[in-house]
Structure formats: C-alpha cells, structure tokens
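See structure below.
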C-alpha cells in the first residue's frame, strides 16, 4: 500500500452535534480517518465514544436532532457533505453499503427475501425482472445461503439471525459498492455464527477489493478481521494503527488500558484481577479543555490540560493523540502515577 | 474448597416449554414434544465458589438460573439449598430461601424500577426481610452502596440518572441488602462496556472474598468466565456437556461442542500477536 | 481496585442527554404540556373561584339590559333575561368541571387497579376480568347514559351514574396491556426474586409505572366527558335550569345566534379552550414518553 495511492475515504475534523433542550451536545467532537481501497478498518470504542455516529456520517445518516456541524467527508475525491439529495441517493445506492447490528428489524418482515433483493437490483441497478432474479440468486449463493432458489421465497422470520445478516450483506453489496459500513454486525449473534459472518466479510472484501469500515466495541472481533484500527474515546480518535502494532505496543494510554481490561480465555484457572481503567467515560454534556482522557489517565501531567487531541504520527501509519507518549521514546521510562499495572 | 459441603445442589432438573400446536394438530390430537430448555441438569455449587455457566442463546442457561430461584417452575428434578428442598417450599419458607439466593439480571436499563430512587429500592429490600440495620434508612443504604463502591450520595438518584455500570452496581447492592449466601449473576455484565465490565468483574471477586459469597455466573462470553470462574459448566441445548475446573475446561476441552465454542471465539490472527 | 476510584466520581455520566434533577421535573416538561397545563389551571381556578370572582349572580336578572353585547360591565354580554353571560359561564364551569373530574378520575383509579391485577396474574383471573372489561367497552356508551337518565330523571345524576359504569373499563384495558409487558421487565422479575409479596409488586412497583399512560389518556377523556355533558345539556337532559351549565347556556343562545352571537359563542369558546388545553397537555406528556435515549 503506497502512500501515493489516493485514499478511498477521507474524513477530517468531523463534528456531530445534537440539539437538546439543554444546549448542544457533541457526539463526535473532532475526528478523522482515512481508508484505502480494499482495506478493512476497525473503529473501536465504548458507549459514547462516537463510533456509530462517525460511521453514519459517511452516508450522512445521522438521525435528528443530530447534525454534522463541521468537517470534511470525501469519497473518491468527492465531497459527500456537499452532495445534493439526488447525488446522495445515488451515492448511497451505488458507492457505499451499510449493514447494521440488529438482523431482526433490518429486513422488512412482510416481503420475501428474494423480493427485497430483487427490488434493490431493479431500482438501484436498473436490471430487468429476469436479470434481477438471476442476479439475486447469485448474490444469495455468494453470501453462503444454501439452496437459494427455495430460500429466496422465505420471509425474514423464517431465517435465523446469522442467515438474516447474510441477506443484509447481500442487499448491501448488491450494487458492488467500494465501501461497506458495518455497524456492530455481529454483536447480536452467537459466537459461532459471528465467526462465520466475519469470515464472509473478510472474503468479500478480498474478492471484490471492497473496503470495510467495521464498527465494534469488541476488540477481539476487530483484531480478527481488520488490517488497521482506529480507537475512539469521548468523541475523538485516540489512536490509529495496524492491528499488529496495537497489540505489540499501543501508544495511547486509553488503548493500553482498554486492551488490558479485556478478559482473556488464557486467564482461566489463574485467578488474577483484571487491570481496569479507573473512573467512568466522559459525559457528552460536558466539554473538557485539554485531553478528554486525562481524568482517568495514570500518566497524566499538568500539561495535558492544553492538549488538543490532534493525532500525531509515531511511525508511518501509526498515530496517537497523546503527546506524553509514556510508552515510547523519551517518555518510555515514565511510571504510572497510580496502580495501573500491565 | 474441596470437601466443603455443597451450598446448592441441583439434580436431574427438567423444564420444557410446550410448543404452540396448530389447530389441525390440536384436532387430530397429535402429540408434539415440548422443547426442553433444561434437560436433566445436575450441578453443585460449594460455599465461596464461583461457578461459571456458559452457553449460547437457547442453551437453557438463563432458564436454569431462573428455575433455581423458582422464577420459573421446573417440571421435575431436585433443587436443594444447604439441604433444604427449594421446590417444595411455600410461603414464608420460600421467601426465606429466596432471600438466601439472589439474582442480578442482565439489563441495567430495566432491572431497576424507574420510578424508585436508588435508596428507596435498597431500603425496601432490607425492610421487607427485616434485615438488621434496616431501621436506620440512611445508614443502611449508605453501607449497601459503599459495599459496591458507590458513593452514598447516589441514594437520592433515580436509575435514569445513572450509567449502565452504576445501575448494575445498584442492582447488586439491592440483592446484597437482603443478606444472601448465593448470588446468581444472569449475564450481569454482558450489556456493559469492556472497561466497566472489568470493574464489575473485580467487584464480584471482591464480594466473594469479603462476604464469602458463592456465585453462579451465567454468561455467553467464555473469556469473562475464564477471568472469574473457579469451575465452569458448558451448556448446549439444555444439557451440560462439560463441567470442571476453568483451567481444564478451557485449556484442555473434552467435548466437541466446547472445542467448537473455543475455536469460534474471536482471536487475533496468529501472525499479528507478539 | 480501590474504592476511591469510583467514590471520586459519584455523579458519573448520564446515559440520556437530558438530566432530570429533583424538583425540576416540572421545568423539564415540554412547552406544549406547560401551555396546556396552564390553560387548564386557569379554567379550573375560574370555576373553583366562581362565587368570588363572578361579577353577578348566575341568575341575576336585569330585564332592562337584555341582549346587550360584550362591554366593560358585561364581559360576555347579557342573554335574553339580562343575565350576565360571563358569570353564568363561570358558574357553569364550576359545575361542569366538578362533574368531569368526578367521572374521569375515580374510574381511572378503579380501572387501572383492575387492569393491573388482570395483567399481573394472568390465567383464570385475567380471563374473567378481561371478559368483563370487554363487555363494558362493547356497551353503546351514549345509549347507556341516556337510558340511565331515563330511569333517574334528567339532571346531573344521570351522568354521574352512567359514565363511570363504562369509563373504568377503558382504563382497565389500557392498564392490562401495559401490565402484560411490564411484568416481564427485569425489575418486576426482581420483585419475585427478592421475595416481595405480589401485593407489593403490583401496588408499589407496577402501578406507578402504569399510571402514566392512563393519565395521558385521561386528558382526552376529560374533554370527551365535558362534551358529553354539554351535549346532554344541549338536548335538555343534563343539568336543569336554573343551574348554569355550559351546554344549556349554549343551547339557550342558539336561537339568537345571528343577532346576539355572544350568548352561545363565547361560552362555546371556553369549551374549545378546555379542549385545546387538555389536548396540549396530553400531547406534551406523551411526547415525553417517546423521547428515548440518545447514544
């Protein structure tokens, strides 16, 4: 992946606000990522981090009363935020696809699976009836639905969660989009089904050179599927890096804290306490000056009150919003202030 | 722990749910087998032990947990709490048994009455069971909250003003307020963020040490059980397919289903992890 | 993991973007509800204080001044026998609103209780209660009320007896269906796990949660009942003269609608204002219910 290749998706300085009776609240305060063609990028964060909003911003699907108040979203060089509604519709139909968390409500219960697929093909791709029918069956087969001819006549409630998610994926990728947004696609599924869906997504991405933005709170999922990961906290991006680099050495204290607090099967029988991040995630109502992670950070310094949460590169392809760099270079000898042990 | 008598004994527990029968089936009097949510389950929980109960959705683990405290009535089998027959208890005896086995539910957003303040909910629990100290409301509630590492100032709040992690702590405080010996955590951390989940898991371990609680920890995430459980039971289709020390079950599984579960657990691609 | 960490953060983040602190619940109501509530409060107070604030008696004749239009001394003008329409309207409000309250809220309380019990217990209890409820709802309402009036005679009594017979059933049905959902909520399951009596579970835990939608519905119900009263009076079946009653005042003014429009129209406007106020309040309260959490 050369740096010279133009990015597929470029988000910069994104800010998403909600108007409430108590004033404006920012769900995403200032965030940006870039994605290359065919890349699988994970967006990981906890509740309130802004990851879902960020994902939806790509398609401008922010529910009211939210709005994008600042930033740039560019897809293949085109300004998404400036698109007219017909351009946007075409964009959503052909260039980007999206799948959601809940496989039970994302398909219309009163239409057969096959018909929902055919509708997309006819409306978005302008295929004729017979053509759409054949293509629909191909798509169903491609996402691993056995006996597509018979299955396409079923209604959504006759399918299991995993099958519905496959249908969702078929619908979303029917028009061969270059980017697929996957918002917690496996959270509601059993672990065995989850594994299958993740494999499917990986395969489709490789086969079609389709980029995938995978949003999840589950680091294990991200690590299994993604090439790179962006960690979000409090409406900002705290760190971006290849998955391997994050495991070898995360640069942002939040990323480290998060990784350490993830339960691991290997711990079985060894009864040790999980290291935890003390405190609680930030309140979206309050805007803090300086580093939004400071209240919980064991490495915080007074100078952290002036931090701008801008991402700085540590190495090519690895950026962090933490200027203290307690694990790297000059800051590497720093010991944490209060018992965060590795 | 070895050799100490079992606090909870379950033998041959069965619970089935009747399938809806179509009109035609009813007329022709066709017999449809009920779906067995819990199929001949036996297990033991010793004092001070944390037993993990793992399984995917539909495995029957939640039904099993609810049968134990008779939130759902089992069809057959034995449940004994320190020798006392749970299934046959009625009235005051049942109430006392329930006091000794408390449950913490999964959904932090619906496990607390939205119309009651935290303090009211906790105090009520103490009063209904005449717990020592419950006459002094502020003292009782304050102590209960501090036991779960929450500030007593939260007593005046309502659930909607609290985060998911805080609500779960309140739910635990409410359960502890009646002085149970056994805590059943039914997916109690599954709906929480990872960092909050870690805090709650440590809390459960603390409570086990400080209060000598036994815990039946129901969860679908194997890693969570690996961190907290002494022993683990794996459920599939209503049956326990494997049970043993956590290290043994996860490190050297015997049953094919257990192996499949472990294999499906998301893990980083091997080449990536140092 | 020390206690200090979490103790230091007693407030924590609020999951919803709005926060309700004690004592500010009223302030946080949506604007609609506040306007509606204000309108209703004004009208109820006007009725309550009628004897104090009415400038004239409700039957004070002034034959020299019949059919005079709205003026400084007669805000709503006078009717065919010189009675001050404004004063009559105030007294009529007093009577009508009292009746409306009496036929709306007692049935609400009875109905919600019955519905809660039916929904909580299920089984045979529910089967029996639900059938009774269904039967009452199936009654042709107006005909029942008129039938009662035919038995006890015209006047307020007929409405006070006839309406509650059926009204409770609507609340029962509402409360029952809510209870069916509510009883599966985990905090209700917790009441069983905690060993609480069923009585405590229903009265202390379920009821406060069931009341909300019934109260919202009652704002609509009040308007319907007021209109029912007014319609009956209009037909001559309600409160008898000389008692002032909104429907009869309007009915009296009907024949002179074009010449002395104020006699019928202005009291009618008061009825409309009541309807708007109740509607706004109900809408405002139910919007609050749908306002969910923001992620």
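Scanning the range B:133-150 for residues that are buried (at least 18 other Cβ atoms within 10 Å of the Cβ) and assigned to a loop (DSSP other than H, G, I, E, B) yields B:134, B:148, B:149, B:150.
Of all residues in the range C:79-107, those that are in contact (Cβ under 8 Å) with a residue 40 or more places away in the chain and more than 28 Å from the chain's Cα centre (by Cα) total 2.
Scan the range C:153-164 residue by residue and report those that are surrounded by 13 or more Cβ atoms within 10 Å (Cβ to Cβ) and more than 18 Å from the chain's Cα centre (by Cα). Result: C:154, C:155, C:157, C:158. If you go through the range C:112-126 and keep only what is more than 20 Å from the chain's Cα centre (by Cα), buried (at least 19 other Cβ atoms within 10 Å of the Cβ) and within 15 Å of residue C:205 (Cα to Cα), you end up with C:116, C:117, C:119, C:120. Looking only at the range A:69-79, decide whether some residue is in a helix (DSSP H, G or I) and free of Cβ contacts under 8 Å to residues at least 60 places away in the same chain. No, the range A:69-79 has no match at all. For the range B:54-86, the set of residues classified as surrounded by fewer than 16 Cβ atoms within 10 Å (Cβ to Cβ) and assigned to a loop (DSSP other than H, G, I, E, B) consists of B:57, B:58, B:73, B:75, B:82, B:83, listed by residue number. Within the set B:189, B:218, B:249, B:241, the sole residue that is within 14 Å of residue B:56 (Cβ to Cβ) and crowded, with 23+ Cβ neighbours inside 10 Å turns out to be B:218. Would you mind stating whether residue A:214 is within 21 Å of residue A:52 (Cβ to Cβ) and assigned to a strand (DSSP E or B)? Yes, satisfied. Taking the range A:160-174 as the range and being touching a helix residue (DSSP H, G or I) at 6+ places or on another chain (Cβ under 7 Å) and assigned to a loop (DSSP other than H, G, I, E, B) as the test, only A:174 passes. Of all residues in the range B:165-182, none satisfies being under 28 Å from residue B:36 (Cβ atoms), within 11 Å of another protein chain (Cβ to nearest Cβ) and buried (at least 18 other Cβ atoms within 10 Å of the Cβ). For the range B:128-141, name all the residues that are within 13 Å of another protein chain (Cβ to nearest Cβ) and modelled with pLDDT of 95 or more. None - no residue of the range B:128-141 is within 13 Å of another protein chain (Cβ to nearest Cβ) and modelled with pLDDT of 95 or more, so the list stays empty. Of all residues in the range B:32-53, which are assigned to a strand (DSSP E or B) and more than 10 Å from residue B:16 (Cα to Cα)? Scanning the range B:32-53 gives B:40, B:41, B:42, B:43, B:44, B:45, B:46, B:50, B:51, B:52, B:53. Number of residues in the range C:218-243 that are in contact with a helix residue (DSSP H, G or I) (Cβ under 6 Å, 6 or more places away or on another chain) and under 24 Å from residue C:172 (Cβ atoms) equals 9.
The set of residues from the range A:244-254 being buried (at least 23 other Cβ atoms within 10 Å of the Cβ) and either part of a helix (DSSP H, G or I) or at the interface with chain B (Cβ under 7 Å from one of its Cβ atoms) (or both) comprises A:246, A:253, A:254. Scanning the range A:16-43 for residues that are more than 17 Å from residue A:282 (Cβ to Cβ) and touching a helix residue (DSSP H, G or I) at 6+ places or on another chain (Cβ under 6 Å) returns A:40, A:42, A:43.
Taking the criterion of being touching a helix residue (DSSP H, G or I) at 6+ places or on another chain (Cβ under 9 Å) and surrounded by fewer than 17 Cβ atoms within 10 Å (Cβ to Cβ), the residues of the range A:270-300 that qualify are A:270, A:271, A:272, A:273, A:288, A:289, A:290. Residues considered: B:112, B:162. Of these, the only one that is within 20 Å of residue A:278 (Cβ to Cβ), buried (at least 23 other Cβ atoms within 10 Å of the Cβ) and facing chain C (nearest Cβ under 7 Å) is B:162.
Which pairs have Cβ atoms under 6 Å, sit 6 or more apart or on different chains, and link a residue in the range A:195-211 that is away from chain B (no Cβ under 14 Å) and in contact (Cβ under 8 Å) with a residue 60 or more places away in the chain to one that is part of a helix (DSSP H, G or I) and surrounded by fewer than 20 Cβ atoms within 10 Å (Cβ to Cβ)? Note: no pairs meet the criteria. Of the helices (runs of 4 or more DSSP H) entirely within the range A:85-149, those holding at least 2 residues that are surrounded by 14 or more Cβ atoms within 10 Å (Cβ to Cβ) occupy A:113-125, A:129-142.
Checked against the criterion of being in contact with a strand residue (DSSP E or B) (Cβ under 7 Å, 6 or more places away or on another chain), buried (at least 17 other Cβ atoms within 10 Å of the Cβ) and under 30 Å from residue B:176 (Cα atoms), the candidates C:201, C:193 yield just one match: C:193.
Let's see how each residue does on (1) under 30 Å from residue B:236 (Cβ atoms); (2) touching a helix residue (DSSP H, G or I) at 6+ places or on another chain (Cβ under 9 Å):
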{"site": "B:67", "(1), (2)": "yes, no"}
{"site": "B:95", "(1), (2)": "no, yes"}
{"site": "B:105", "(1), (2)": "yes, yes"}
{"site": "B:117", "(1), (2)": "no, yes"}
{"site": "B:121", "(1), (2)": "no, yes"}
{"site": "B:131", "(1), (2)": "no, yes"}
{"site": "B:138", "(1), (2)": "no, yes"}
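Of all the criteria given as (1) in contact (Cβ under 8 Å) with a residue 40 or more places away in the chain; (2) farther than 30 Å from residue B:129 by Cβ, the one not satisfied by residue C:116 is (2).
Among the conditions (1) under 30 Å from residue C:33 (Cα atoms); (2) without any contact (Cβ under 8 Å) to a residue 12 or more places away in the chain; (3) within 12 Å of chain B (Cβ to nearest Cβ), residue C:211 misses just one, which is (2). For residue B:212, the criteria (1) more than 14 Å from the chain's Cα centre (by Cα); (2) surrounded by fewer than 24 Cβ atoms within 10 Å (Cβ to Cβ); (3) in contact (Cβ under 8 Å) with a residue 12 or more places away in the chain; (4) at the interface with chain A (Cβ under 9 Å from one of its Cβ atoms) hold in every case but one, which is (4). Checking each residue in the range B:87-132 for being touching a strand residue (DSSP E or B) at 6+ places or on another chain (Cβ under 8 Å) and assigned to a loop (DSSP other than H, G, I, E, B) picks out B:87, B:105, B:106, B:111. Residues of the range C:269-284 include none that is under 22 Å from residue C:96 (Cβ atoms), in contact (Cβ under 8 Å) with a residue 24 or more places away in the chain, within 14 Å of chain B (Cβ to nearest Cβ) and surrounded by fewer than 23 Cβ atoms within 10 Å (Cβ to Cβ).
Residues that are within 13 Å of chain A (Cβ to nearest Cβ) and in contact (Cβ under 8 Å) with a residue 60 or more places away in the chain within the range B:238-253 comprise just one, B:246.
The values are calculated or read from the model by the stated rules, or taken from the named source; none is laboratory data. Here the structure is a predicted model, which is why all the values come from computation and not from measurement. Don't worry about glycine lacking a Cβ; one is built from the backbone with ideal geometry, like all the others, and counts go over all protein chains shown.
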